Amino acid sequence: MRRISAIKIKEAVAELAGRANFFLRKDVIIALRKAYAAEKNKRAKAILKAILDNAAYAKKEKLAICQDTGMGIVFAQIGQEVIIRGNLKAAINKGLACGYKRYSLRNSIVKDPLARGKSGFSPCITHTEIVKGNKIKLTLLAKGFGCENKSQLRMFKPTAKAEEIKEFIIEAVKSAGPDACPPYVVGVGIGGTADYAALLAKQSLLRKIQTGPRQTANRFEKDLLMRINKLNIGPMGLGGSNTALAVHVQTYPTHIAGLPVAVNISCHALRSASVVL
Amino acid sequence: MKKINTPLSLNKIRSLKAGEKLLLSGTIYTARDQAHKRLAESIKKGRRLPFELKDAVVYYCGPTQTPKGKVIGSCGPTTSSRMDEFTPLLLAQGLKVMIGKGSRSAEVRDAIKKHRGVYLLTYAGCGALLAKHVKKAVTVAYRDLGPEAILKLEVKDFPLIVALDSNGRSIYAKD
């Protein structure tokens, strides 16, 4: 067994807060550059340039890429040979609050969703998973709410055709329209249960965007991406051929009576960072 | 690119056309969800507002905390449509210019035309870059709302695109 202290976890989460919010993911930057190079609409091209300039300036000045530094979502994959000394959940929440404060991010979290009231930095959402090994992998996804507000879930009949599912996903992107900061990364979860499909959709945003010649995207994803990019929503919704940078679909076994499908859209500022302890 | 300064005269506002790019300098006020709710309540109760709404420019923005040594943190636009239910009332009280991101409701489009206002877009998801254009930031109201407090900003060459002009024209194809 390997011992890892809660203090170490707290500090690791605090550092992830800075990394995720200041340094745009490399795969996202590469995808944005590719979109910029391919974009023919003049206005869309200028917006993509501003997005890339913004990422460079944020990195240089250690400023948040976007003022909506999100609701923190922490995925903790804990090796079954690890013993945690201290309180894991408290360490993650304290680490997040500490990092958001340290790096002058935004206190966007209200304690009571109905009464609202004064906003603070935490808590975050924590998903723990027990995995093999003697390490802990922590991943922070800083999810802005402009795009989170556009999430959708539908429980399809098990006899539904793939085309109906595709239409639902495309419709979700259409209804997000210009509001959620396109070009998007469209996360899709298919299968499991209602809650699990939503989690799969969110987790799929952590997958590296494939832009190289050896793309792993399957036909389902490729077809969706092509059709979404024909919607002419474009950067800021002002037209262009880049409405989405990628479509990521994650599936899981499901029940004979159902077919849950969830869509979780990310804005172009798809921010996450990981560390292994 | 057209450079404009606050306060914006009625003639100036009427000259702005959907699709046009602008650089704005002068005074703007941040206000988002909770600030709008409070402003609307104050108007309905006939109370005095914390800033002069007449001919004002309102920016739908809630910046991050201000890093040490900086004027403001990251400060990009938030989704404008969440303010739609309050906007016609504010326009009726004299608000002229709004800055945000995304589309607006049919009611807001009609109210903008009726009151000869204008709705502008700025680069969405580019809050770090936009911070460069803010020269001064002072909290003027609702400090308890934290990032949703109303700030008075002095901006220089703030980049904008006209989305809905005073003649009812829209930059969005679907409108």
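The values are calculated or read from the model by the stated rules, or taken from the named source; none is laboratory data. All of these numbers come straight from a predicted model, not from anything done at the bench. Virtual Cβ from ideal backbone geometry, glycine too; neighbours counted across all protein chains shown.
Of the residues A:Ile9, A:Ile30, A:Ile47, which single one is touching a helix residue (DSSP H, G or I) at 6+ places or on another chain (Cβ under 8 Å), farther than 30 Å from B:Tyr60 by Cβ and in contact (Cβ under 8 Å) with a residue 40 or more places away in the chain? None of the others qualify; the one that does is A:Ile9.
May I ask you to verify whether A:Lys174 is touching a residue at least 24 places away in the same chain (Cβ under 8 Å), within 14 Å of chain B (Cβ to nearest Cβ), over 26 Å from A:Lys62 (Cβ atoms) and of a type outside the set (A, V, I, L, M, F, W, C)? Yes.
Comparison of B:Ala56, B:Ala106, B:Ala92 shows that the only residue that is away from chain A (no Cβ under 14 Å) and crowded, with 20+ Cβ neighbours inside 10 Å is B:Ala56. Considering only the range B:32-51, I want to know if a residue exists there that is within 22 Å of B:Ile171 (Cβ to Cβ) and in contact with a Leu (Cβ under 6 Å, 6 or more places away or on another chain). So far as the range B:32-51 goes, no, none of its residues is within 22 Å of B:Ile171 (Cβ to Cβ) and in contact with a Leu (Cβ under 6 Å, 6 or more places away or on another chain). The residues listed here are B:Gly168, B:Gly125; of these, the one that is more than 8 Å from chain A (Cβ to nearest Cβ), outside any helix (DSSP H, G or I) and either within 24 Å of B:Lys3 (Cα to Cα) or modelled with pLDDT under 95 (or both) is B:Gly168. Assess whether A:Ile83 counts as being touching a residue at least 24 places away in the same chain (Cβ under 8 Å), more than 20 Å from the chain's Cα centre (by Cα) and farther than 20 Å from A:Ala273 by Cβ. Judged against the criteria, A:Ile83 is a match. Within the range A:57-105, the set of residues being in a strand (DSSP E or B) and farther than 13 Å from A:Thr128 by Cβ comprises A:Met71, A:Gly72, A:Ile83, A:Arg85. When the residues of the range A:149-165 are filtered to those that are of a type in the set (A, V, I, L, M, F, W, C) and in a helix (DSSP H, G or I), the one that is surrounded by the fewest Cβ atoms within 10 Å (Cβ to Cβ) is A:Ala162. Under the condition of being within 28 Å of B:Lys70 (Cβ to Cβ), touching a residue at least 40 places away in the same chain (Cβ under 8 Å) and either out of contact with any Leu (no Cβ under 9 Å at 6 or more places or on another chain) or assigned to a strand (DSSP E or B) (or both), the residues counted in the range A:106-135 number 2.
The residues of the range A:221-253 that are among the hydrophobic types (A, V, I, L, M, F, W, C) and either out of contact with any strand residue (DSSP E or B) (no Cβ under 6 Å at 6 or more places or on another chain) or within 14 Å of another protein chain (Cβ to nearest Cβ) (or both), listed by number, are A:Met226, A:Leu231, A:Ile233, A:Met236, A:Leu238, A:Leu245. Under 20 Å from the mean Cα position of the chain (by Cα) and within 14 Å of chain B (Cβ to nearest Cβ), is that true of A:Ser204? No, not satisfied.
Screening A:Lys143, A:Lys161, A:Lys132 for residues that are basic (Lys, Arg), more than 14 Å from chain B (Cβ to nearest Cβ) and within 30 Å of A:Asn87 (Cβ to Cβ) leaves exactly one candidate, A:Lys132.
Against the condition crowded, with 17+ Cβ neighbours inside 10 Å, more than 23 Å from A:Leu24 (Cα to Cα), under 16 Å from the mean Cα position of the chain (by Cα) and in contact (Cβ under 8 Å) with a residue 24 or more places away in the chain, how does B:Leu145 come out, does it pass? Considered against the rule, which asks whether it is crowded, with 17+ Cβ neighbours inside 10 Å, more than 23 Å from A:Leu24 (Cα to Cα), under 16 Å from the mean Cα position of the chain (by Cα) and in contact (Cβ under 8 Å) with a residue 24 or more places away in the chain, B:Leu145 comes out as no. Is it true that A:Ile109 is within 14 Å of chain B (Cβ to nearest Cβ) and more than 24 Å from A:Lys26 (Cα to Cα)? Here the answer is yes, as A:Ile109 does meet what is asked.
Residue-wise test of (1) away from every other protein chain (no Cβ under 11 Å); (2) surrounded by fewer than 16 Cβ atoms within 10 Å (Cβ to Cβ).
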{"site": "A:Ala14", "(1), (2)": "yes, no"}
{"site": "A:Ala20", "(1), (2)": "yes, no"}
{"site": "A:Ile30", "(1), (2)": "yes, no"}
{"site": "A:Ala38", "(1), (2)": "yes, yes"}
{"site": "A:Asn41", "(1), (2)": "yes, no"}
{"site": "A:Lys45", "(1), (2)": "yes, no"}
{"site": "A:Ala50", "(1), (2)": "no, no"}
{"site": "A:Ala56", "(1), (2)": "no, yes"}
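Selection of strands (runs of 3 or more DSSP E) fully inside the range B:1-89 by the criterion of at least 3 residues being in contact (Cβ under 8 Å) with a residue 12 or more places away in the chain, more than 30 Å from A:Gly99 (Cα to Cα) and under 14 Å from the mean Cα position of the chain (by Cα) returns B:21-30.
Note on the range B:128-151: residues that are farther than 17 Å from A:Gln67 by Cβ and either more than 14 Å from chain A (Cβ to nearest Cβ) or touching a Phe, Trp or Tyr at 6+ places or on another chain (Cβ under 6 Å) (or both) amount to 5.
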